[in-house]
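Here you go, one structure.
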Amino acid sequence: MAAPATLAPPPLLDEPKKPWHRQLYFWVLTAIVTGVLTGWLWPSAGTALEPVGTTFVAAIKMLITPIVFLTIVAGIGSVDSLGRVGRVGLKSLVYFQAGTLAALLVGLLAVNIFQPGAGVHAHPGDLRLEGDASQYVKDGQNQEWWHFLTDLVPNSAVGAFAEGNILQVIFFSVLFGIALKAVGPVGEPIVDGVQRLSTVVFKILHYVMLAAPVGAFGAMAYTIGEYGISTLTSLGRLIGLFYGTSAFFVVVILGAVTAALKINIFRLLRYLREEFVLVLGTSSSESALPRLMAKLEGLGIRRDIVGLTVPTGYSFNLDGSSIYLSLAAVYIAQATDTPLSIGQQLGLLAVMILTSKGSGGITGAGFIALAATLSTVGTIPAAGIMLIFGIDKFMSECRALTNLAGNGVATLVVARWEKALDTVHVNKVLNARKKSPPAEDEQHLRPDDVTNQPPTGA
């Protein structure tokens with residue numbers, strides 16, 4: 001049976017470059033500034049706008065699980081061997097572990113050098129867990145280090161999609177894709193249908209993204225109206241250290257990785273600017289997941305690599321969350337005058353490698369992971385998280401931005417590892433003044449023509 005024709009790429013990326021005042025990132029930035037002013041000048045009005053932001057994020061999350069499923073299944077269904085799928089998955093996990101360790105170490109070094117918690121002298125007995133913070137600690141205490149393994153298998157396939165559990169959707173999608181590939185010609189019509197359905201779902205995403213400025217405005221107005229700008233200044237030293245450490249990690253550590261690939265980190269960040277602005281406005285890296293996947297495919301990276309690496313990275317490659325964990329844990333120890341030896345900090349590091357996994361997409365994920373870490377170690381009072389609970393909303397934006405950058409770089413590394421990264425083409429796209437539409441003859445390549453081409457790049 002002849003392989004079905006591949007449809008044109010989903011209508012997600014702008015083709016001819018629009019004027020700056022018509023670009024998505026301009027309107028989202030404008031909405032963020034307007035939201036900050038609204039929440040600052042009219043706090044009650046800002047707080048009342050919470051449903052605007054949460055509804056937009058919910059609309060994005062509505063599409064994440066079908067996009068992950070369709071992308072993974074289409075990617076596996078179009079590869080020439082299942083061995084390639086296994087290699088991509090294994091290499092992704094190896095890189096994720098290395099990236100997590102590097103992020104944790106950078107965070108530990110920063111908090112020990114600058115010691116933002118020194119001089120606080122908070123007494124653990126005076127700290128009381130209240131509201132959401134109390135629930136997060138309970139969830140963290142009940143969360144074992146191996147939870148992400150036991151939670152991997154859903155109770156039902158439908159349940160994984162209904163709950164929006166990305167890890168479980170990935171598990172089911174990989175099994176479905178492997179089975180589809182194993183049945184041979186019988187599965188080819190299904191692969192064709194998956195590709196066609198993917199185009200429809202991305203079109204729905206395009207419509208939802210038209211409301212991005214409205215969603216960013218509501219989310220930012222609520223954040224400032226609820227927590228106040230004064231919350232930023234009260235713990236400004238810790239916030240500044242977190243943002244500075246994350247910027248260092250992205251520019252220096254990830255920059256060194258991309259330099260080894262002969263790719264400029266600043267041009268990559270510029271290429272993903274709309275996704276960063278969207279994350280900044282919504283405080284959720286998930287809101288940019290579908291666009292990130294499309295942008296990486298736009299760099300010429302194979303769909304199976306993007307489909308496996310990016311969604312898995314949202315649970316296993318959380319660089320920003322790892323930096324936050326190490327900074328926050330040691331900050332609480334410093335603030336409560338809890339001494340930590342080098343050995344204890346290394347033990348803390350080992351625990352955080354495990355507790356940082358598998359929590360992507362969970363409400364309060366950063367706090368749950370932090371509480372799980374403190375509960376496991378036992379030397380740092382868990383009630384100390386109340387010291388930073390008020391600023392967590394502002395920290396979550398930086399976590400999400402760093403996670404996004406880390407997963408973009410991870411996909412490039414895995415593609416290079418698979419000898420499937422055309423660096424010349426990537427740099428051509430990154431250096432282009434405008435995004436050119438694909439050539440007409442490239443829009444009708446058969447899957448075999450794409451996946452069976454000799455690997456490019458070294």
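The values are calculated or read from the model by the stated rules, or taken from the named source; none is laboratory data. Not measured: the values here are computed from a predicted model. Positions of Cβ are backbone-derived with ideal geometry, glycine not excepted, and every protein chain shown enters the neighbour counts. Note: accessible area is taken over every heavy atom of the protein model, side chains too, but ligands, DNA and RNA are not part of it. Shrake-Rupley method; radii C 1.70, N 1.55, O 1.52, S 1.80 Å.
Output the pairs from K262/K295; K91/K393; K295/K393 with a Cα-Cα distance over 21 Å in this structure; if there are none, say none.
Exceeds cut-off: K91/K393; K295/K393.
To the nearest 0.05, what FRET efficiency results for V33 and L82 with a Förster distance of 60 Å applied to their C-beta separation?
The calculated FRET efficiency here is 0.75.
Still on this structure: With every protein chain present, what is the per residue accessible area of segment 148-208 (1.4 Å probe, Å²)?
53
What's the FRET efficiency of D337 with L175 using the Cβ-Cβ distance as r and R₀ = 60 Å, to the nearest 0.05?
Given R0 = 60 Å and the Cβ-Cβ separation, E is 0.75.
Once amide H atoms are placed 1.01 Å from N in the peptide plane, what residues at a sequence separation of 5 or more from D337, or on another chain, have their amide H within under 5 Å of its amide H?
For D337, the qualifying residues are H121, A122.
At a probe size of 1.4 Å, how large is the accessible area of R273, to the nearest 10 Å²?
About 60 Å², ignoring ligands and nucleic acids.
Compute for segment 275-329: radius of gyration divided by Kirkwood radius, i.e. Rg/Rh, restricted to C-alpha atoms, rounded to two decimals.
1.04
Rounded, prolate or oblate for segment 186-291? Axes are the square roots of the Cα gyration tensor eigenvalues, ordered a ≥ b ≥ c, and the cut-off for rounded is a/c under 1.5.
Oblate shape, in that a/c is at least 1.5 and b/c is the bigger or equal ratio.
Enter the accessible area per residue of segment 213-359 (Å², integer; probe 1.4 Å; all protein chains in place).
29
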